[in-house]
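The values are calculated or read from the model by the stated rules, or taken from the named source; none is laboratory data. These numbers come from a predicted model, not from an experiment. Cβ coordinates were reconstructed from backbone atoms using ideal geometry, including for glycine residues, and neighbour counts include every protein chain displayed. Areas reflect the complete protein model, heavy atoms only, side chains present, ligands, DNA and RNA absent. Shrake-Rupley method; radii C 1.70, N 1.55, O 1.52, S 1.80 Å.
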Amino acid sequence: GNFEGLNIPNLIKYTIPGEEIELIETCRKKLFEHRKKRIHPHKDDKILTSWNGLMIAALAIGGRILNCEKYTEASEKAASFIFSKLVKNDGRLLARYRDGEAGILAYVDDYAFLIWGLIELYETTYKPIYLKRAIKLNDDLLKHFWDNESGGLFFYGSDGEQLITRPKEIYDGATPSGNSVSALNFLRLARFTGQHQLEEKAYNMFKLFRANLSRFARGHTFFLTAMLFSQAKSREVVLVGEDTKKMIDIIREEFRPFTISMSYSKENKGLEELAPFIANYKPIEGRATAYICENFSCQAPITDFTDFKEALSKM
């Protein structure tokens with residue numbers, strides 16, 4: 001036998017004569033009917049906020065880069081589910097949902113991954129609601145998880161069950177750690193909103209966990225991604241006006257990991273409440289206009305698509 005002395009029937013060849021395929025199919029059905037008599041294993045079908053946050057981020061990125069509306073819609077649908085089923089009346093996020101019941105106060109990973117997903121959804125759809133939700137969740141994250149003495153984020157919240165210790169996870173394994181993802185979230189949200197204290201939080205985390213990186217850098221790849229983002233030139237692209245689709249398409253033609261983009265128009269007027277500085281950017285002569293900023297200094301506004309593409313290529 002091929003497994004502990006027993007045979008596990010499996011189909012090795014795929015190019016089999018017709019009569020043998022018929023025999024194999026008959027045998028397969030008999031085997032299936034026999035196996036149905038066995039006790040079925042239990043399925044772990046609970047819905048986790050953290051894992052859905054990762055999926056939301058992946059689908060939003062996929063929808064944006066591949067121009068696939070199906071991915072974007074799935075990402076938005078998942079986010080809508082979480083906010084309708086996994087948020088308490090007081091706004092506290094919960095960790096899991098199953099059979100119509102949500103429970104367990106969310107951990108740092110739940111907040112960090114969902115915030116990441118919402119940031120990606122904003123850059124894909126430019127709907128202010130996603131940026132607004134990301135900012136609100138990030139405020140709650142700092143309220144419940146931030147260590148005001150040493151910095152960094154605890155694994156469970158101050159309002160959760162108090163155990164003997166409150167660990168801070170930084171290891172990036174099968175999934176990244178909440179601290180690693182939050183460090184990158186802080187940097188991006190700082191540039192989206194102008195809240196520079198968030199950037200200071202990220203730098204605090206770099207100092208706090210640098211010994212961990214020195215010992216085993218390969219075990220902290222997402223944290224290193226956040227550090228790389230912090231060292232890259234700050235690049236923000238602000239699009240204003242009513243018909244910015246062509247400029248959006250130009251931004252998405254190439255991979256720009258160190259660039260964030262925002263779109264401000266009549267359709268997303270609520271954006272100035274989240275990022276007050278956005279109101280200073282005006283369309284030129286009623287045309288779609290792009291402002292490219294680096295290190296808090298903006299170039300002259302651009303309305304010509306060719307000029308815009310050329311300016312981006314120099315970044």
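Given the options R218, R235, R252, name the one that is modelled with pLDDT of 90 or more and more than 19 Å from the chain's Cα centre (by Cα).
Working: R235 fails: modelled with pLDDT of 90 or more; R252 fails: more than 19 Å from the chain's Cα centre (by Cα).
Going through R218, R235, R252 in turn, just one is modelled with pLDDT of 90 or more and more than 19 Å from the chain's Cα centre (by Cα): R218.
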Item to check | Any chance S84 is part of a helix (DSSP H, G or I), among the small types (G, A, S) and farther than 30 Å from T259 by Cβ | outcome: yes
Checklist entry - If you go through region 38-48 one residue at a time, do you hit one that is part of a helix (DSSP H, G or I), touching a residue at least 24 places away in the same chain (Cβ under 8 Å) and touching a helix residue (DSSP H, G or I) at 6+ places or on another chain (Cβ under 8 Å)? => result no
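Being within 29 Å of N295 (Cα to Cα) and modelled with pLDDT of 95 or more: is that true of Y107 here?
For Y107, the condition - within 29 Å of N295 (Cα to Cα) and modelled with pLDDT of 95 or more - is not met.
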Checklist outcome for this item: Going through region 225-246 in order, the residues found to be loosely packed, with under 15 Cβ neighbours inside 10 Å and of a type in the set (A, V, I, L, M) are L228, A232
Next on the checklist: Please go through (1) touching a residue at least 12 places away in the same chain (Cβ under 8 Å); (2) more than 29 Å from D249 (Cα to Cα); (3) not hydroxyl-bearing (S, T, Y); (4) not in a loop (DSSP other than H, G, I, E, B) for D139 and return the number of the only condition it doesn't satisfy.
Outcome noted: (1)
Item to check | Selected residue (only one of Y97, Y126 is open to solvent by less than 20 Å² (accessible area, probe 1.4 Å) and either farther than 15 Å from L54 by Cβ or among the basic types (K, R) (or both)) | outcome: Y126
Item to check | Qualifying residues in region 247-289 (those that are among the small types (G, A, S) and closer than 23 Å to L66 by Cα) - the one surrounded by the most Cβ atoms within 10 Å (Cβ to Cβ) | outcome: S263
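Select, from L114, L131, L163, L121, the only residue that is outside any loop (DSSP other than H, G, I, E, B) and under 24 Å from L208 (Cα atoms). Can you show your working first?
Working: L131 fails: under 24 Å from L208 (Cα atoms); L163 fails: outside any loop (DSSP other than H, G, I, E, B); L121 fails: under 24 Å from L208 (Cα atoms).
None of the others qualify; the one that does is L114.
Let's see how each residue does on (1) under 16 Å from L59 (Cα atoms); (2) out of contact with any Ser or Thr (no Cβ under 7 Å at 6 or more places or on another chain):
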residue	(1), (2)
A112	no, no
W116	yes, yes
T125	yes, no
R133	no, yes
D147	no, yes
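For region 264-306, which residues satisfy the criterion of being on the phi > 0 side of the Ramachandran plot and in contact (Cβ under 8 Å) with a residue 40 or more places away in the chain? Working first, answer last.
Initially, region 264-306 is screened for residues on the phi > 0 side of the Ramachandran plot, giving 285-286, 295-296.
The answer is G286, N295, F296.
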Checklist entry - So is K309 over 19 Å from Y126 (Cβ atoms), within 28 Å of the chain's Cα centre (by Cα), free of Cβ contacts under 8 Å to residues at least 60 places away in the same chain and surrounded by 16 or more Cβ atoms within 10 Å (Cβ to Cβ) or not? => result yes
Checklist entry - In region 17-52, what count of residues is obtained for those that are closer than 30 Å to F113 by Cα and open to solvent by less than 80 Å² (accessible area, probe 1.4 Å)? => result 5
Checklist outcome for this item: Those residues of region 258-280 which are modelled with pLDDT of 90 or more and outside any helix (DSSP H, G or I) amount to F258, T259, I260, S261, M262, S263, Y264, A275
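For region 161-168, does any single residue satisfy the condition of being open to solvent by less than 20 Å² (accessible area, probe 1.4 Å) and in contact (Cβ under 8 Å) with a residue 12 or more places away in the chain?
no
Looking at region 175-187, can you tell me whether even one residue there is outside any helix (DSSP H, G or I) and open to solvent by less than 50 Å² (accessible area, probe 1.4 Å)?
yes
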Checklist entry - Out of the residues in region 292-306 that are outside any strand (DSSP E or B) and among the hydroxyl-bearing types (S, T, Y), which is surrounded by the most Cβ atoms within 10 Å (Cβ to Cβ)? => result T303
